[in-house]
Amino acid sequence: MTNKLPLSSLAGVLTWALVFIITLSLLPPTTEMQHWLGVISLFLLYGAAFTALTFDYFRCPPHSTAGKSLLALQLATALGLLVLLPQPQFEFLAILTIIWAAVLPFALSQRNAIALTLVVVILWFSVASYQQHHALWITALLYGAFHLFAVLVQSTAKSEQTAKEELAAKHQQLQATQQLLQAASRQSERTRIARNLHDLVGHHLTALTIQLQVAGHITDGEAKAQIGKCHQLAKLLLSDVREAVSTMRQYADLSLLESVQQMVNVLPQHVEMKLAIAPDIVMHDLSQAQHVLCIIQEATSNSLKHSGATAVHISACVTQQQLCITIHDNGFIDIGWRAGNGIKGMQERAAECGGQLCYQRVDDAMHLRLNLPYKGSEHV
């Protein structure tokens, strides 16, 4: 549950604090110290679990194993408070389970979240009815409706967040494709001009140089000297044409750093992108460039969608004619994580380029390493 400004999380903390203060104010002065400490400890555990689940700085994704454990701890502390405070004046403690239910859609599917919420509401008010020795149907129905409202509202928020992330990913893909099309157009035109210069102008200049050299052998005196000067000028002009062709070929290449920079510029502002890509890494093969950019794009999207990362590191270097790209983030993935279609698609793209994509879990985060043959500039 990533929020640029976690206002809903802040509202949950304020509600928890208010329930905490009211509960302490309603405790009788004659309450034993051990009882006081138990109530305070449970409240603090509840608040710590909720904070870790919802605030980015302490973030533990609710869908992860650790996140689900914190949800269980949050519910257990609320039930513990129900057991410690069975008096009717503490019926408002059910608000704690409403806060808990608001986090469920980010850990479970909507159907499972609703089902689990109903079970908890039934359990909570069954225990409360047993403690107070009378039925609490009206209270249970009212609080149950609030629980379902919290689940449905947060489910809608999650759906909107997912749709926004998918839209951002599509926009990112569109930007990358547009960049490749522009690069392809520029490259095609420069290559055409360079080829014409090399094949036509260069060919004629070479023929002229040879003719001038022959003319220099069959003439004497001042004419031979002038022909020699023309021969030198023709050779110099041929050298300039070759240099111009080489320069045009060089600028027809695609800079990996600039391409990745333009691609990540459309990411959410709260995501920190750290690039360590040598500026001299260029890609002449547009097909390879497209596959590389798509792999980087898919890896970045996976980091944001599945691990809850707030920072992504991308580095690239060339060693022994091999382009090595590493991508890792500061997110979290479960120990039992398995590769999905995204990883398989990236591996297929790497294979089409004659390369290999490896992945591993390091410090609870995903690390990707792409190795493929480096195809730099073509030489004329």
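The values are calculated or read from the model by the stated rules, or taken from the named source; none is laboratory data. Nothing here was measured: the structure is a model prediction, and the numbers come from that model. Cβ coordinates were reconstructed from backbone atoms using ideal geometry, including for glycine residues, and neighbour counts include every protein chain displayed. We work out accessible area using only protein heavy atoms, side chains counted, and drop any ligands, DNA or RNA first. Shrake-Rupley method; radii C 1.70, N 1.55, O 1.52, S 1.80 Å.
Could you please let me know if Thr31 is open to solvent by 10 Å² or more (accessible area, probe 1.4 Å), touching an Asp or Glu at 6+ places or on another chain (Cβ under 9 Å) and among the β-branched types (Val, Ile, Thr)?
No; evaluated as a whole, the condition is false for this residue.
Can you pull out the residues in region 77-111 that are free of Cβ contacts under 8 Å to residues at least 60 places away in the same chain, open to solvent by 40 Å² or more (accessible area, probe 1.4 Å) and more than 33 Å from the chain's Cα centre (by Cα)? Before you say what the answer is, go through the steps one by one.
Initially, region 77-111 is screened for residues free of Cβ contacts under 8 Å to residues at least 60 places away in the same chain, giving 77-84, 86-88, 91, 94, 97-98, 100-101, 104-105, 107-111.
Applying the additional criterion that residues be open to solvent by 40 Å² or more (accessible area, probe 1.4 Å) yields 79, 83-84, 86-88, 91, 108-111.
Result: Leu79, Val83, Leu84, Pro86, Gln87, Pro88, Glu91.
Consider Leu304 carefully, then state whether it is modelled with pLDDT of 80 or more and buried (at least 17 other Cβ atoms within 10 Å of the Cβ).
No; evaluated as a whole, the condition is false for this residue.
In this structure, is Gly355 more than 21 Å from Leu275 (Cα to Cα), of a type in the set (Gly, Ala, Ser) and at pLDDT 85 or above? Before you say what the answer is, go through the steps one by one.
Working: more than 21 Å from Leu275 (Cα to Cα): yes; of a type in the set (Gly, Ala, Ser): yes; at pLDDT 85 or above: yes.
Against the criterion (more than 21 Å from Leu275 (Cα to Cα), of a type in the set (Gly, Ala, Ser) and at pLDDT 85 or above), Gly355 qualifies.
Looking at region 327-352, which of its residues are under 21 Å from Leu275 (Cβ atoms) and of a type in the set (S, T, N, Q)?
Residue satisfying the conditions is Asn330 alone.
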